[in-house]
Amino acid sequence: MDYRNLGASGLRVPVLSFGAGTFGGRGPLFSAWGSTDAAEARRLVDICLEAGVNLFDTADVYSAGASEEVLGEAIRGRRDAVLISTKTALPTGDGPADWGSSRSRLIKSVEAALRRLGTDYIDLLQLHAFDASTPIEETLSTLDQLVRAGKIRYIGASNFSGWELMKSLAVSEKHSYVRHVAHQVYYSLAGRDYEWELMPLAADQNVGALVWSPLAWGRLTGKIRRGQPLPKTSRLHETATFGPPVDDEKLFDIVDVLDEIAVETGKSVPQIAINWLLSRPTVASVIIGARNEEQLRQNLGAVGWTLSKEQIERLDKVSEMTAPYPYFPYRRQEGFARLNPPLV
């Protein structure tokens, strides 16, 4: 397993990390998309650690907190061998203090997460969403205090827009608060929006990307192809509306090229899709999930080899998206290109 520094920090993380969203199985569909219990989770953690995957990502909204509880059980007795990443800020109840990133909510959320995880510190705490109702200074000063108290080690954001992340970084710089070293983002061959604004920002500010849903909400598993009906067992029947939309024809074109490269490399479609992400600028780690041992071992096969330059170029071309304003059409103009050299 290769390891990379997480943004402007000394924290080294594996290029593949494990998403514990399937742990627990409690609550509504969006927050509970699996039912892995502690015994099953312990086996998956064993396999991850054997492969060098020691970063485990969860959140307080996953299975209404049960994901953190199950993960805590699964790592019991080997806390020093793992890195824990969790998230907070999304609503966990209907009360006025059950959402956001105010000082009181953050302190309460961190204490609750520590209890559920069975630990006295969190390696990486990420804000699951931007809270526009709370002054950024209040949020960041609280996170700074929690770091100084030893309850969290590093901080990050998740699903922030460019201005939200940049303003947060500027406030940290102004007041000498701890700064975000990670941004957990959606990024895949079927969804490359991250590249237009957030990737250049991450490169300039040295913020590492933790990629969620690298298989585009299950669309790049190899089970969905042109002319074939969606398998009856696919979770997309229930969850498609939760994920970013993908044009069917565009998806089929991407899968066609993935199929070609699968024949050339002997690798699976998901393995190729994940490996492509690891070649992208600013990506520190790709979060993989698994409901069982077979899926996990398949996903772990995405590392230890590299796509050729020609294969990457084919994937780049077939998955290329039209850049939104103000990035299009200026990107194609010579003068603009000289001022803003492309990252990819």
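The values are calculated or read from the model by the stated rules, or taken from the named source; none is laboratory data. As the structure is a computational prediction, the values presented were derived from the model and not from experiment. In this analysis, Cβ positions are derived from the backbone assuming ideal geometry, glycine residues included, and neighbour counts consider all displayed protein chains. Areas reflect the complete protein model, heavy atoms only, side chains present, ligands, DNA and RNA absent. Shrake-Rupley method; radii C 1.70, N 1.55, O 1.52, S 1.80 Å.
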Which whole-Hz couplings ³J(HN,Hα) result when phi for each residue of segment 126-141 is put into the Karplus expression 6.51 cos²θ - 1.76 cosθ + 1.60, θ = phi - 60°, listed in order with x for Gly and Pro? 10, 6, 6, 6, 7, 9, 6, 8, 10, x, 4, 4, 5, 4, 6, 5
I'd like the accessible area for GLU137, computed on protein heavy atoms only with a 1.4 Å probe and all protein chains in place. Round to 10 Å², please. 80
Solvent accessible area, Å² - ILE224, 1.4 Å probe, full protein context: 20
Put a dot 7 Å past each Cα toward the Cβ at LYS223 and GLU260; how far apart are the dots in nm? 2.6
In this structure, among LYS167/LYS250; LYS267/LYS309; LYS87/LYS317; LYS87/LYS250, pairs with alpha-carbon gaps over 28 Å are LYS167/LYS250; LYS87/LYS317; LYS87/LYS250
Row for segment 1-131, column shape: gyration tensor on C-alpha, a ≥ b ≥ c, rounded if a/c < 1.5 i.e. under 1.5, prolate if a/b over b/c, else oblate; value oblate
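Please return the longest range in the chain lying between exposed loop sites, taking chymotrypsin sites (Phe, Trp or Tyr not before Pro), DSSP loop only, at most 13 other beta-carbon atoms within 10 Å, and leaving the sites out.
After excluding every exposed loop site, the longest remaining stretch is 31-304.
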